[in-house]
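Engineer: Below is one structure. I have some questions about it.
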Amino acid sequence: MKKRFAYILIIFFMFVFIFSFYKYLTIHKFNHSAVINNITYLSSTNFKGRMGGTLENDEAASYIKSQFKASSIKEYSNNYYQNFKADYPKRIPGEPYLKVVNGHGETIKTYVYNKDFKEDMLNFKKNHFVFYKSSNVMSQNSFLQITSGKDHYIIYSTKDNKINFRSSFMSNSPYSLCIMATQSCLNEIKNYVKNNCIIDCFIPYTTDTTILKNVISYIPGRDKSKPPIIISAHFDHVGTDLSGNVYQGALDNASGVSFIIEMSKYIHSLGTPDRNIIFAAFNGEEFGLKGSEAFVNSYYSNLKGGEDYNFDMIGSSPSMPLTIMGGKKDSSKNSLINSISTVCAKQNIHFNYLFEDASDHASFRNKNINAVTFCNNDTSRIHTPLDTVSHINTDSIDRCFDVASSEIVNSAYNNSSIFILYNKQICVLSLFAIAALILVLLQDKIFKQKLKNVN
């Protein structure tokens, strides 16, 4: 009877070994080098900063679509693209200037673009303003605010006196035009105004409307009535300045979209999930989360009850913690955030919390859909020309994958998650179990043979 039970166990562990070994062989190994290659490509100067409304932004969308398609990830709602309208900063003819004019109409000072002053991309309701001593001007040490009717203009100096930061564009900003300047430039302008000079500024952008594209794909699940899992990242960035300097946006956010492209290959190799898994590459994040907002509004009935795992700025120094970002009304007690933090604790991963509506998870949280953004909250280079692939760290990419994949697999593959997450360990343990059982049977046979010889 004991021998028969041992044989049954051997057969059982052989099946376990074969299944786990099959999983080990067929599961796509997440490859941080492939992530780096895509970051390098998408953040190259060829894409000119991927600003929404540009040809290069469309080309980035086309590339992301081709990556999903090549991995056999299906188009969502019969189309890889979801089109939506958005306001954007449109380049118009002309050169930028900030100059001082005296009472005779003579230009007595012309400031140098990208050295003394530069546009803040916040808004371009107006692109030209003039003011002087009798204008409605509020003056503080670090800024001048000029009000003309319903329009508000601002010239401000930065704390570090650098003017290479390029902000996101917000069509609902209360300001009509914002200008960055060095402190010395700002001080001079104040003095010129006091001396009855005229300040004249022009920036060749205007606010216009365009059609942007989200790239949406998915893996069909067994039970399509279940709420889906959404794996998302934005791919747009802040473009190129008027001097031709490209804001490459490697960390923000070629890293996130490259991460989910590689994640899609891994998840597709796991087999059919229990529910739909949507991969969403959002556009217009730098215009105020417009792409994710359009997606949630269009597909809310399909998304409610689901979970969004968003990736924004993945791959800075591993000395920085992995940040779990929830909405501004969330806390660490949120079920999804708590579950992810538990995974981090089990894997001894240094992490922290951030509760801000600072990425695309906010569009989901505003509709009461569970959502979180994984990020490395390193703002030292973002929205500057210094955000290049040379600063991306693969250890941080792997760390994020270890946490996110564990959480996603547990949510999407309930019945087989153990074999997916621990296939290598199960494979080895089952092999040891088979060997141990065979050894027990051999020892039992030897013992019986010795006993027979003694008798």
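The values are calculated or read from the model by the stated rules, or taken from the named source; none is laboratory data. Just so you know, these numbers come straight off a predicted model, no measurement behind them. Counting neighbours? That spans all protein chains shown, and the Cβs are built from the backbone with ideal geometry, glycine included. Accessible surface areas use protein heavy atoms only, side chains included; no ligands, DNA or RNA. Shrake-Rupley method; radii C 1.70, N 1.55, O 1.52, S 1.80 Å.
Engineer: Among the aspartates and glutamates, select those whose C-alpha is under 13 Å from the C-alpha of Lys224, and discard any that sit fewer than 8 residues away in the same chain.
Structural biologist: Of all the aspartates and glutamates, those that pass the test against Lys224 - Cα under 13 Å, at least 8 places apart if same chain - are Asp274.
Engineer: Once both labels are modelled 7 Å past Cα along the beta-carbon direction, what's the Leu442-Asp395 spacing in nm?
Structural biologist: So the two model labels end up 4.4 nm from each other.
Engineer: What FRET efficiency comes out for Asn368 versus Ala34 if R0 is 30 angstrom and r is the Cβ-Cβ distance? Round to the nearest 0.05. Numbers along the way, then the final one.
Structural biologist: On the way: r = 35 Å, r/R0 = 1.17.
E(calc), rounded to 0.05, equals 0.30.
Engineer: For the stretch 242-312, run through the trypsin sites (Lys or Arg not before Pro) and keep only the ones in DSSP coil with at most 15 other Cβ atoms within 10 Å of their Cβ. If you can, show how the numbers build up before the last one.
Structural biologist: Working: sites: Lys265, Arg275, Lys290, Lys304; in loops: Arg275, Lys304.
The qualifying sites are Lys304.
Engineer: Specify whether the C-alpha gyration tensor of the stretch 102-212 places it in the rounded, prolate or oblate class, a ≥ b ≥ c being the square roots of the eigenvalues: rounded for a/c under 1.5, otherwise prolate if a/b is larger than b/c and oblate if not.
Structural biologist: Because a/c hits 1.5 or more and a/b exceeds b/c, the stretch 102-212 counts as prolate.
Engineer: So how much slack lies between Ser317 and Asp208, counting 0.36 nm per residue of separation and subtracting their Cα-Cα distance, in nm? Walk me through the numbers before you get to the answer.
Structural biologist: Details: separation 109, 0.36 × 109 = 39.24 nm, distance 3.79 nm.
Here the segment from Ser317 to Asp208 would lengthen by 35.5 nm.
Engineer: Just to make sure I understand: if all protein chains stay in place, what is the order of Arg50, Arg365, Arg91 by accessible area at 1.4 Å, largest first?
Structural biologist: Numbers: Arg50 5, Arg365 50, Arg91 105 Å².
Ranked from most to least accessible, the order is Arg91, Arg365, Arg50.
Engineer: For the stretch 242-295, give the percent of accessible area contributed by carbon and sulfur heavy atoms, probe 1.4 Å, rounded to a whole number. Write out the running numbers ahead of the final one.
Structural biologist: Working: 330 of 920 Å².
Carbon-and-sulfur percentage of accessible area, whole number: 36.
Engineer: To continue, here is another question. Rounded to the nearest 0.05, what FRET efficiency do His128 and Thr342 have when you use their Cβ-Cβ distance and R0 = 45 Å? Spell out each step's value before the answer.
Structural biologist: Values: r = 55 Å, r/R0 = 1.23.
Calculated transfer efficiency: 0.25.
Engineer: Still on this structure, I have one more. Hey, of [x] 163; [y] 174; [z] 145, which did the structure itself give for volume of the Cα convex hull per residue in Å³ when calculated?
Structural biologist: Computing volume of the Cα convex hull per residue in Å³ and matching it to [x] 163; [y] 174; [z] 145 gives [x].
Engineer: Moving on to the next point. Over 29 Å between C-alpha atoms is what I'm after, so list which of Lys159/Lys190; Lys74/Lys290; Lys126/Lys328; Lys65/Lys290; Lys74/Lys304 land there.
Structural biologist: Values: Lys159/Lys190 18 Å; Lys74/Lys290 23 Å; Lys126/Lys328 32 Å; Lys65/Lys290 19 Å; Lys74/Lys304 21 Å.
Result: Lys126/Lys328 exceed 29 Å.
Engineer: Percent of accessible area on the stretch 30-123 owned by carbon and sulfur, 1.4 Å probe?
Structural biologist: Values: 2050 of 4580 Å².
About 45 percent, which is the carbon plus sulfur part of the accessible surface.
Engineer: Let me ask something else about it. Skip the ligands, DNA and RNA, and give the accessible area per residue of the chain with a 1.4 Å probe, whole Å². Mind showing how you got there, number by number?
Structural biologist: Values: 21210 Å² over 455 residues.
Using a 1.4 Å probe on heavy atoms only, each residue of the chain averages 47 Å².
Engineer: Label points 7 Å out from Cα along the Cβ direction at Ser139 and Lys159: separation in nm?
Structural biologist: A separation of 2.6 nm, rounded to one decimal place.
Engineer: For the stretch 229-383, what D do you get in µm² per second when you plug the Kirkwood radius from alpha-carbon pairs into Stokes-Einstein at 25 °C and 0.890 mPa s?
Structural biologist: On the way: Rh = 16.1 Å.
For these conditions, the coefficient is 153 µm²/s.
Engineer: Also, quick follow-up: Estimate the FRET efficiency between Val112 and Lys329 by the formula 1/(1 + (r/R0)^6), using the beta-carbon distance for r and 56 Å for R0, to the nearest 0.05. Please list the in-between numbers first.
Structural biologist: Working: r = 45 Å, r/R0 = 0.80.
Given R0 = 56 Å and the Cβ-Cβ separation, E is 0.80.
Engineer: If I fit a long axis through the Cα atoms of helix 423-454 and take the longest principal axis of the Cα atoms of the chain, what angle between them do I get, 0 to 90°, rounded to 10?
Structural biologist: 10 degrees
Engineer: To the nearest 10 Å², what's Lys65's accessible area with a 1.4 Å probe?
Structural biologist: 60 Å²
Engineer: Give the lysines reachable from Lys125 as a straight Cα distance under 16 Å; neighbours fewer than 8 places away on the same chain don't count.
Structural biologist: The qualifying lysines are Lys90, Lys150.
Engineer: Turning to a different aspect of this structure: Over the C-alpha atoms of the stretch 204-270, what are the Rg and the largest Cα-to-Cα span, Dmax, in Å?
Structural biologist: Cα only, the stretch 204-270: 16.9, 53 Å (Rg, Dmax).
Engineer: Helix-only mean residue ellipticity at 222 nm, the chain, DSSP H runs n ≥ 4 weighted -39,500 (n - 2.57), per residue, nearest 500. What is it?
Structural biologist: Working: 11 runs with 165 residues, N = 455.
Result for the chain, helices only: -12000 deg cm²/dmol.
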